[in-house]
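These notes concern the structure reproduced below.
The values are calculated or read from the model by the stated rules, or taken from the named source; none is laboratory data. Computed from a predicted model, the values in this text were never measured in an experiment. Methodologically, a virtual Cβ is constructed for each residue, glycine included, from the backbone with ideal geometry; neighbour enumeration extends over all protein chains shown.
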Amino acid sequence: MNRKILEIRNLKRYFLVGSETVRALNEVSFSVEAGEFVTIMGSSGSGKTTLLNVLGCLDRATSGDYFLDGVDVKNLSRDELAELRNNKIGFVFQSYNLLPRTSAVENVELPLLYHKGISNQLRREKAMKALEAVKLADRFDHTPGQLSGGQQQRVAIARALINDPVMVLADEATGNLDSRTSYEIMALMQELNGKGITIVFVTHEPDIAAFSKRTIVLRDGKIQSDTLIGKPKSAKEALALLAPVETA
């Protein structure tokens, strides 16, 4: 029996805007098992950003249950939530969120600075291993300004992997990239998922969602559909079909 990485039951998140109650999430229920690659889709106002914030332990639900790797999130203190985020979740953001004057390997090391008992040598070894996993070991001393957008996102993915999280949570991770680079990132995501890494990928792009094994579509704060994909598209094959890049 597979282990459930996350499980939410009857999740509600309401906001009071003036005298009006906005039901951003309304009785949302689903679970994700270890090793799944799930995309969450929805247009603006569908509730996907609110759901992302709840799943990432950045916001609390109004009611309902959320279990992350067996931990009941609902009753945790702010400090306990922060510790859970740092130990259980690897975040990948649309805007990379890298320190501009810091090398790739130092950016990757950042989450481990909060872990007492990890030596400088071990922290560097783990960061280099994470960069190797995203095929950037030869760029470890480059700053973000010396890297392309796709390479910066790879650094961000390496940073998300360094704590060996139970789940990588990606927020529109291809949103700032062109088609070719987006497919390269999705090929990397498929490769990481093939190694057993659980991925929850938030996107509004159907062609990106097609590379995952399952797609959950939100509309008006509710799940409109939850579809298993028998054979996801291969990002590497899609990449090969693009026109070759012209070089001078």
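Values for this structure:
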| quantity | calculated |
| --- | --- |
| Flag if Leu131 is more than 20 Å from Ala170 (Cα to Cα), touching a helix residue (DSSP H, G or I) at 6+ places or on another chain (Cβ under 9 Å), aliphatic (A, V, I, L, M) and not in a loop (DSSP other than H, G, I, E, B) | no |
| Residues of region 14-51 classified as farther than 26 Å from Met189 by Cβ and of a type in the set (Phe, Trp, Tyr), total | 2 |
| Cβ-Cβ under 6 Å pairs, at least 6 apart or on other chains, region 110-130 side without any contact (Cβ under 8 Å) to a residue 12 or more places away in the chain, far side assigned to a helix (DSSP H, G or I) | Ile118/Leu112 |
| Failed item in (1) closer than 30 Å to Lys195 by Cα; (2) surrounded by 14 or more Cβ atoms within 10 Å (Cβ to Cβ), with Arg13 passing the rest | (1) |
| Unmet criterion (only one of (1) among the β-branched types (Val, Ile, Thr); (2) over 15 Å from Val168 (Cα atoms); (3) in contact with a strand residue (DSSP E or B) (Cβ under 8 Å, 6 or more places away or on another chain)) for Val71 | (3) |
| Residue in region 34-56 that is over 27 Å from Ser234 (Cα atoms), touching a helix residue (DSSP H, G or I) at 6+ places or on another chain (Cβ under 6 Å) and surrounded by 14 or more Cβ atoms within 10 Å (Cβ to Cβ) present | no |
| Test: residue in region 146-162 that is in contact (Cβ under 8 Å) with a residue 24 or more places away in the chain, in a loop (DSSP other than H, G, I, E, B), at negative phi and not hydroxyl-bearing (Ser, Thr, Tyr) | yes |
| Checklist (1) surrounded by fewer than 18 Cβ atoms within 10 Å (Cβ to Cβ); (2) at pLDDT 95 or above; (3) not aromatic (Phe, Trp, Tyr) applied to Asn120, failing item | (2) |
